[in-house]
Amino acid sequence: MAAARRVLVTGGVRSGKSRHAETLVAHRSTVRYVATGPVPDPDGDPEWADRVRRHRERRPAGWETAETADLAAAVASAPGDVLVDCLGTWLTAVLDDLRAWDAADDGWRDELDLRVDRFCAAWSERTRDGLLSVAVTNEVGWGVVPEHRSGRLFRDLLGTVNQRVAAASDDVLLVVAGRVLRL
């Protein structure tokens with residue numbers, strides 16, 4: 001039997017990272033797609049709703065979808081292969097939940113670290129023969145320094161999350177303009 005594989009796919013906005021991640025698991029028999037973004041509201045945010053609709057239309061009908069911010073539980077309980085899309089929207093949901101955007105670092109950082117630890121542990125434990133685990137994330141550190149604290153906070157924290165997940169992965173792929181580079 002083939003060895004288990006954990007793959008982190010990173011790239012900029014509209015780089016093709018989600019599409020590439022989907023191709024990695026497209027022909028697998030049992031896939032749990034973990035959608036970490038907010039539930040779409042066509043009236044409140046039509047652009048987000050349209051983006052989610054396009055992602056749903058691309059996915060095979062047989063994939064199980066879990067829409068949750070409890071990433072560790074969703075990954076740990078997956079009966080087969082898993083595709084997480086994406087760590088950036090998951091981090092946003094966690095920061096929202098912890099009310100961390102404008103708060104001092106002392107009240108929420110330990111809880112954030114615990115949630116990252118739990119996800120990385122669940123990710124690392126996906127070692128059953130033949131399992132394929134793919135996580136999508138955003139590469140946000142190449143731009144200008146964000147003007148606002150919340151932007152800098154997100155960039156810095158996602159960079160740290162990406163490093164942690166990359167360290168627990170067998171492969172890290174960078175997608176630029178639809179082209180895939182193995183790191």
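Just so it is clear, none of the values below were taken in a lab; they were calculated from the coordinates. Computed from a predicted model, the values in this text were never measured in an experiment. Counting neighbours? That spans all protein chains shown, and the Cβs are built from the backbone with ideal geometry, glycine included.
Between amide H atoms placed 1.01 Å from N, distances below 5 Å from residue 5 occur with 131, 132, 133, all of them 5 or more places distant or on a separate chain. On C-alpha positions alone, give me the angle between the axis of helix 149-167 and the longest principal axis of the chain, in degrees, nearest 10. With rounding to tens, the tilt is 30 degrees.
Taking the Cα centre of region 5-182 as origin and assigning +1 to Lys and Arg Cβ atoms and -1 to Asp and Glu Cβ atoms, the resulting dipole is close to 880 debye. Quick note on region 21-118: its Rg to Rh ratio, both from C-alpha atoms and Rh being the Kirkwood radius, is 1.02. For mean projected area of the Cα convex hull in nm², one of [x] 11.6; [y] 10.7; [z] 12.2 was computed from the structure I shared and the rest are decoys. Which label? Recomputing mean projected area of the Cα convex hull in nm² here picks out [y].
Between the helical axis of 46-58 and the dominant principal axis of the chain, each derived from Cα atoms, what acute angle in degrees is found, rounded to the nearest 10? It works out to around 20 degrees.
Counting beta carbons within 10 Å around each of 123, 90, 108 and listing the fewest first gives the order 108, 123, 90. For region 59-118, the list of trypsin sites (Lys or Arg not before Pro) that fall in a loop by DSSP and count at most 15 other C-beta atoms within 10 angstrom reads 99.
With all projection directions averaged, the alpha carbon convex hull of region 128-183 covers 5.0 nm². In region 5-182, taking the dipole from charged Cβ atoms about the Cα centre, the farthest positive-side position among 27, 60, 151 is held by 27.
Using a 10 Å cut-off around each Cβ, can you sort 134, 161 from fewest to most neighbouring Cβ atoms? Mind dumping the intermediate values first?
Values: 134 26, 161 21.
Least to most surrounded, the residues fall as 161, 134.
Among 119, 154, the ranking by other beta carbons within 10 Å of each residue's beta carbon, starting with the fewest, stands as 154, 119. Taking the alpha-carbon centroid of each part, what is the distance from region 14-37 to region 94-158 in angstrom? Using only Cα atoms, the two centres lie 20 Å from each other.
Any idea what the relative contact order of the chain is, in percent, if you count C-alpha pairs under 8 Å spaced at least 6 apart?
40
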